[in-house]
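Everything below concerns the one structure shown next.
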Amino acid sequence: MNGWRDRLALDLRAARARAFVRVVGTLREPQGVLLDAVFPNLGMCAYVLLYRGLGAPRSFETLAVIGGIMTTFWLNVLWGMGAQLFWEKQSGQLQLFFAAPCSRMAILAGMAVGGLVGTTLRSLVGVALGVWVFHVRFASFSPGVLIAVFLATMAALYALGMMLASLFLLYGREAWHTCNALTDPVFMLSGLYFPIRTLGSVGAFAAGLLPLALGVDALRQVLMGPAAHGLFPVRYELAGLCALAVLLLVLARLSLEHLERLSKREGRLTQRWQ
Amino acid sequence: MPSPVPGSAPAVETRALRRVFRASRGAGEVIALDGVDLRIERGEVFGLLGPNGAGKTTCIKILNTLLFPTSGEARVAGFDVMRDSREIRRRIGLVSGGESSGYGSLTVRECLWLFSQFYGVPGAIAWPRIDELIAVVELGEQARTRINRLSTGQRQRMNFARGFVSDPEIMFLDEPTLGMDVNAARRLREFVLDWVRARAGRTVLLTTHYMAEADQMCDRVAIIDRGRVLACDTPAALRRSVQGGQHVELEVRAPDGGVLDEVEGVRMAWGAPHPERGTLTLKFLLPEERVLGDVLRALAGRGVAVQGVSTRETSLEDAFIRIVGHGLDDEGPRA
């Protein structure tokens, strides 16, 4: 069991098992739909109604609906990925992960895949609201490009979550404070409910470094065409998302290795009372 | 590259193992392990016995590759804990008493499967083993119950089963029966003994607070205190090392615990107060040449009311006290 194939098989098993926990959690805890899908989408509804009340172009409503759907994913990345190792530590399981032979990246990847699947199911609430309640309009689009942009966005977003998981544990005494602190600035910079271009050149540049902002902008461009007031051409944003996904995965791995080394050296971090 | 593993490599071997923790707020250093030498052969049930803070859990963490030693060497199954952590992790299991594991939305079976996957156990092997372990820990009725609906004791038993799902070569049991009810603890002790004897080469390193547990289960016991191994032998040999007298336990009503200090020929006396009864239990070793009646008369002469007397065979606890200088629950030797 020393070859790379055996190691890969072990890591795939571990990732699948950890993803299973997330998916099962989604299906067995229906109240999560209320917390993770319905409530976040109420913000989206408010923006749609605001734009409608102001008589803004219908494209603004579509823009807010896409942003609202992506909010569901961002909240999952922040609370379900970023804070996860902290919760694992609190529940006493982190040291069991560290004592297992599978790679810790496999466990994080499993969390990401499971979170993505579960959140995609929950995000259907936003899609249903947009399509059936607000009757938002989409331009004609290529499903292939939409899928590519969505997957690249999710890869970058969940890679960010994997990196945050270690960083929160390293630098955050209480994960929920960090999550709370990050929620609104990212909402603002990602232009979830308005065209990112409105932030001006400096704001748009800062937003371009965030996978959520790039992903939202690219998805809007695919689904809305020129009405999206996009930042950069979709192909550049797609390339940027892919590059961010790779970079963030590397950083996630490095921060996880640093976390493990520090935990072994200092004798803390994996213990719930430390 | 992992080191080559000769088939005869001991299960665990440490040399001059030392671990120092930095105390919080610049309060100096805490020496958790101070030059520990251990050699645990394959097939042994080996006990690490010591009071709180003796260094038992630190030792287990180092051997489980969860902690670096400050200096010295530790090898598990022939592999170095610093360099070959992945090889070691494939071969070991860990159960910490009082810990819980799993996710509330999973059932007991699913949770055990989850952990079996972290060790790469194929489903065809994992599921029958999981069902077997569920029967061992007597959670058959709860097998399909979600973990968040289990009682604390049931979760502890599930946690115990979790450690065995990978069928490790070397099992580390860190206070595994802590907080369990007496019957469950007894059954799990029997299971561990059966498990280790069922296949050649399986090894258990057990840390425990419970003398009887160590006495019953362990082939050999290392007594550890303040980071140092003070003695290491079979329980019988450790008991023999303190023979040469009668172990006496008196329950007395006395002004203080120092009443035995002045009784001629009494060795190794210490006392535990019982505030609820207003009495003191005095334990001491009466040398063979002394007669218990003389001690009782001497105590009566000092106005000490003796309310109960019992004598017994030498136990592992006696050996522990002799070696460490105090009992497991005592802070230190009586002044």
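State whether one or more residues within the stretch B:192-210 are β-branched (Val, Ile, Thr), free of Cβ contacts under 8 Å to residues at least 60 places away in the same chain and either assigned by TED's automatic domain parsing to the domain that holds B:Arg39 or not in a helix (DSSP H, G or I) (or both).
no
Which of the residues spanning the stretch B:118-151 are in a helix (DSSP H, G or I), within 13 Å of chain A (Cβ to nearest Cβ) and of a type in the set (S, T, N, Q)? Scanning the stretch B:118-151 gives a single hit, B:Asn148. Restricting attention to the stretch B:41-67, the residues that are in contact with an Asp or Glu (Cβ under 6 Å, 6 or more places away or on another chain) and away from every other protein chain (no Cβ under 12 Å) total 4. Look at A:Leu251 and say whether it is within 14 Å of chain B (Cβ to nearest Cβ), in contact (Cβ under 8 Å) with a residue 60 or more places away in the chain and surrounded by fewer than 20 Cβ atoms within 10 Å (Cβ to Cβ). Here the answer is no, as A:Leu251 does not meet what is asked.
Here A:Leu12 meets each of (1) more than 11 Å from chain B (Cβ to nearest Cβ); (2) in contact (Cβ under 8 Å) with a residue 40 or more places away in the chain; (3) out of contact with any Pro (no Cβ under 8 Å at 6 or more places or on another chain) with one exception, condition (1).
Restricting the stretch B:79-97 to residues that are more than 9 Å from chain A (Cβ to nearest Cβ) and either assigned to a strand (DSSP E or B) or under 17 Å from B:Thr57 (Cα atoms) (or both), the residue that is nearest to the chain's Cα centre (by Cα) is B:Gly97.
Taking the stretch B:73-100 as the range and being touching a Leu at 6+ places or on another chain (Cβ under 6 Å) and either surrounded by fewer than 24 Cβ atoms within 10 Å (Cβ to Cβ) or polar (S, T, N, Q) (or both) as the test, the residues that pass are B:Gly97, B:Gly98. When you check A:Val113 against the structure, is it surrounded by fewer than 21 Cβ atoms within 10 Å (Cβ to Cβ), of a type in the set (A, V, I, L, M, F, W, C) and at pLDDT 85 or above, yes or no? Judged against the criteria, A:Val113 is a match.
Results for (1) closer than 30 Å to A:Val24 by Cβ; (2) among the β-branched types (Val, Ile, Thr); (3) touching a Leu at 6+ places or on another chain (Cβ under 6 Å); (4) crowded, with 20+ Cβ neighbours inside 10 Å, shown as yes or no for each residue.
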site: B:Pro128; (1), (2), (3), (4): yes, no, no, no
site: B:Ile134; (1), (2), (3), (4): yes, yes, no, yes
site: B:Gly140; (1), (2), (3), (4): yes, no, no, no
site: B:Thr145; (1), (2), (3), (4): yes, yes, no, no
site: B:Ser151; (1), (2), (3), (4): yes, no, no, no
site: B:Gln156; (1), (2), (3), (4): yes, no, no, yes
site: B:Ile170; (1), (2), (3), (4): no, yes, no, yes
site: B:Val192; (1), (2), (3), (4): no, yes, no, yes
site: B:Ile223; (1), (2), (3), (4): no, yes, yes, yes
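Scanning the stretch A:176-199 for residues that are in contact (Cβ under 8 Å) with a residue 60 or more places away in the chain and among the hydrophobic types (A, V, I, L, M, F, W, C) turns up A:Trp176, A:Cys179, A:Leu182, A:Val186, A:Phe187, A:Leu192, A:Phe194. At least 3 residues being of a type outside the set (A, V, I, L, M, F, W, C) and away from every other protein chain (no Cβ under 14 Å) is the threshold, and among the helices (runs of 4 or more DSSP H) wholly inside the stretch A:15-109 those reaching it are A:39-54, A:58-75. From the list B:Phe160, B:Phe172, the lone residue that is of a type in the set (Phe, Trp, Tyr), assigned to a helix (DSSP H, G or I) and touching a strand residue (DSSP E or B) at 6+ places or on another chain (Cβ under 6 Å) is B:Phe160.
Are any residues in the stretch B:169-178 of a type outside the set (A, V, I, L, M) and out of contact with any Phe, Trp or Tyr (no Cβ under 8 Å at 6 or more places or on another chain), and if so, which ones? Scanning the stretch B:169-178 gives B:Glu169, B:Phe172, B:Asp174, B:Glu175.
Only one of the numbered conditions (1) at the interface with chain A (Cβ under 10 Å from one of its Cβ atoms); (2) buried (at least 21 other Cβ atoms within 10 Å of the Cβ) is not met by B:Thr70, and that is (2). Considered as a group, the residues in the stretch B:26-40 that are within 25 Å of B:Thr234 (Cα to Cα) and more than 10 Å from every other protein chain (Cβ to nearest Cβ) include one that is surrounded by the most Cβ atoms within 10 Å (Cβ to Cβ), and that residue is B:Leu33.
Which numbered condition trips up A:Gly68, out of (1) farther than 26 Å from A:Ser166 by Cβ; (2) in contact with a strand residue (DSSP E or B) (Cβ under 9 Å, 6 or more places away or on another chain)? Single failed check for A:Gly68: (2). Against the condition hydrophobic (A, V, I, L, M, F, W, C), in contact (Cβ under 8 Å) with a residue 24 or more places away in the chain and within 14 Å of chain B (Cβ to nearest Cβ), how does A:Leu214 come out, does it pass? It is false that A:Leu214 is hydrophobic (A, V, I, L, M, F, W, C), in contact (Cβ under 8 Å) with a residue 24 or more places away in the chain and within 14 Å of chain B (Cβ to nearest Cβ). Screening B:Phe21 on (1) surrounded by fewer than 18 Cβ atoms within 10 Å (Cβ to Cβ); (2) at the interface with chain A (Cβ under 10 Å from one of its Cβ atoms); (3) in contact (Cβ under 8 Å) with a residue 40 or more places away in the chain shows it passes everything except condition (3).
The values are calculated or read from the model by the stated rules, or taken from the named source; none is laboratory data. Predicted, not measured: the structure shown is a model, and the values here were computed from it. All Cβ positions, glycine included, derive from the backbone under ideal geometry; neighbour counts span all protein chains shown.
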